[in-house]
Amino acid sequence: MSRLAEVDLSLRLSKAEEKKELKAAQKRLVHLRLLLGGLIGPSEIGPPLLVLFEGWDASGKGGAIKRLTERLDPRHVRVRSFAAPTYDEKRHHFLWRFWPVLPGWGGMAVLDRTWYGRVLVERVEGFATEEAWRRAYAEIVDLETTLAAEGTVVVKFWLHLSPEEQLRRFESRRDDPYRAWKLTDEDWRNREKRAAYEEAVEEMLQRTDTAVAPWHVIAADDKRWARVAVVRAVCEAIEAGLRAHGIDTDPPLG
């Protein structure tokens, strides 16, 4: 069975359940983020935290990022969105444009779309040669392995959405003048290539899932479930990263 086929898209949370569970997860995240930054506890800064978001169009990446960061002080997290590379960016290696936003020790960065565009949209749409996108798997794994060796906690999300729910969200956006700007002709074209994108996603998950940078495939048909799952997964990754560096996740605060 494929990785995507294994995802249980029926998972749901009620509005009350989401409110309760999200509040608890966000509270834990604030504690861990302050600990990473050396702002509470022993005042020792922790490892860099890098959170990567990929997923289907309309899978709720923006909403998940908002819930992940909304309780954090904006000085303590950098959020960066990446679109198609510019002319100047194309003159460099495809990973070049991401380096300036990578976090240092005690820092946190969230990337909305990432270097995985090379093996997804650039592969499917023909923006990269086959030789280039096939080579990219090893280049990406090398980068993430290097970052992890330097201490970075790498958390990668693929937000998985059924084609039926995606269509419902597309139509909802189309009919709402305040959200119609989110929907483009490219979104509709990408939807027509679902099979090609699924093949690319499956290979991406298979070839770039590593012990130091595993993929978290999140059921996103229910936005409430997905948002809670994302915050919880980040908390768990931070806790593991802190323990790996001998830092107590719940030190005395007095």
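The values are calculated or read from the model by the stated rules, or taken from the named source; none is laboratory data. Computed from a prediction, not measured in an experiment: that's the story for all the values here. Don't worry about glycine lacking a Cβ; one is built from the backbone with ideal geometry, like all the others, and counts go over all protein chains shown. Accessible surface is based on the protein model in full, side chains and every heavy atom, while ligands, DNA and RNA are left aside. Shrake-Rupley method; radii C 1.70, N 1.55, O 1.52, S 1.80 Å.
Descriptive notes on the structure:
- If the condition is being more than 21 Å from I65 (Cα to Cα), within 19 Å of the chain's Cα centre (by Cα) and small (G, A, S), then region 81-131 contributes no residue at all.
- The set of residues from region 126-149 being without any contact (Cβ under 8 Å) to a residue 60 or more places away in the chain and of a type in the set (D, E, K, R) comprises E130, E131, R134, R135, E139, D142.
- A219 being within 22 Å of the chain's Cα centre (by Cα) and under 30 Å from G38 (Cβ atoms): no
- Meeting the requirement of 3 or more residues that are open to solvent by 70 Å² or more (accessible area, probe 1.4 Å), the strands (runs of 3 or more DSSP E) wholly within region 41-143 are 78-81.
- Within region 154-192, considering residues that are in a loop (DSSP other than H, G, I, E, B) and not acidic (D, E), the one surrounded by the most Cβ atoms within 10 Å (Cβ to Cβ): L161
- For region 226-237, the count of residues that are assigned to a loop (DSSP other than H, G, I, E, B) and open to solvent by 40 Å² or more (accessible area, probe 1.4 Å) is zero.
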